[in-house]
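The values are calculated or read from the model by the stated rules, or taken from the named source; none is laboratory data. This is a predicted model, so every value here is computed, not measured. Because the Cβ atoms are built from the backbone with ideal geometry, glycine has one as well, and the counts that use them run over all protein chains shown. Remember, those area values only see protein heavy atoms, side chains included, never the ligands or the DNA or RNA. Shrake-Rupley method; radii C 1.70, N 1.55, O 1.52, S 1.80 Å.
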Amino acid sequence: MPAGLLHRILLFGVCLATLAPALVRAQEAGPPLLVRYGTEDGLPSALITEVQRDALGFLWVGTLNGLCRMEGAAFTCYQHDPADPSSLAHDMVIPEGLTVDRSGRLWVNTNDGLQYFDAHSGRFVDHPGVRDLTVYAIAEASEGGLWVGTLSGLYRALTLEHEAEHVWGTAPVYVLNEAADGTLWVGGAKGLAK
């Protein structure tokens, strides 16, 4: 090995050994990798069931005890109020229970039905066709409307004004995904279907 190359390798090793502790300290003193938000920051529950960003850029956080909109580092939280029919239907937001449709409407799936958030009024609006169904999954249909997975099968809600139509199965549907080519994947108690 040429002497110049050996000298460079040794010099690099000495520099690295000298600088390494300073580099480690700089990384430790840097900004944290994650910032945690909990009940002390305004969330009604530390158990998070879903997170979704809406068309306006707000981050929505579903919990076991309500739904919150994150604005900067502050939260505006919504919970069920039995005296207010336009409040959140139930405090528990179902896991994967938030969907933003193509028009920017936020859909919320709780333990007591499917609603959307009317951003203009700040109220929750029930979808009349699925109010009495136990909803597990929602997905926007490419042709419009919503696919709704329930305890009693798959439903299609074409518009906000019409009842959802039962279209398939009688077993629980837990997962829905419409692929780019329009194929609907349905996962539930009886396996996977398309």
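Points to keep in mind about this one:
Conditions (1) open to solvent by 20 Å² or more (accessible area, probe 1.4 Å); (2) on the phi > 0 side of the Ramachandran plot; (3) under 16 Å from the mean Cα position of the chain (by Cα), marked per residue:
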position: Leu98; (1), (2), (3): no, no, yes
position: Ser103; (1), (2), (3): yes, no, no
position: Asn111; (1), (2), (3): yes, no, yes
position: Tyr116; (1), (2), (3): yes, no, yes
position: Pro172; (1), (2), (3): yes, no, no
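- Members of region 43-73 found to be of a type in the set (Gly, Ala, Ser), in contact (Cβ under 8 Å) with a residue 24 or more places away in the chain and closer than 20 Å to Leu98 by Cα, listed by number: Ala55, Gly62, Gly66
- Residue in region 89-96 that is in contact with a Leu (Cβ under 6 Å, 6 or more places away or on another chain) and closer than 21 Å to Pro172 by Cβ present: yes
- Residue in region 162-182 that is among the aromatic types (Phe, Trp, Tyr), modelled with pLDDT of 90 or more and farther than 18 Å from Pro128 by Cβ present: yes
- Within region 9-52, the set of residues being in a helix (DSSP H, G or I), surrounded by 10 or more Cβ atoms within 10 Å (Cβ to Cβ) and at pLDDT 75 or above comprises Thr39, Asp41.
- Considering residues of region 81-94 that are under 21 Å from Leu47 (Cβ atoms) and touching a residue at least 24 places away in the same chain (Cβ under 8 Å) only, the residue most open to solvent (accessible area, probe 1.4 Å): Met92
- In region 174-183, of all residues being aliphatic (A, V, I, L, M) and in a loop (DSSP other than H, G, I, E, B), the one that is most open to solvent (accessible area, probe 1.4 Å) corresponds to Ala180.
- Restricting attention to region 82-118, the residues that are over 17 Å from Glu161 (Cα atoms) and not hydrophobic (A, V, I, L, M, F, W, C) total 16.
- Counting only strands (runs of 3 or more DSSP E) that fall entirely inside region 125-168 and contain at least 2 residues that are over 19 Å from Pro95 (Cα atoms), the qualifying elements are 153-157, 165-168.
- Tally of residues being touching an Asp or Glu at 6+ places or on another chain (Cβ under 8 Å) and either at pLDDT 90 or above or on the phi > 0 side of the Ramachandran plot (or both) across region 120-132: 2
- Within region 170-181, being in contact (Cβ under 8 Å) with a residue 24 or more places away in the chain and not hydrophobic (A, V, I, L, M, F, W, C) holds for Pro172, Tyr174, Asn177, Glu178.
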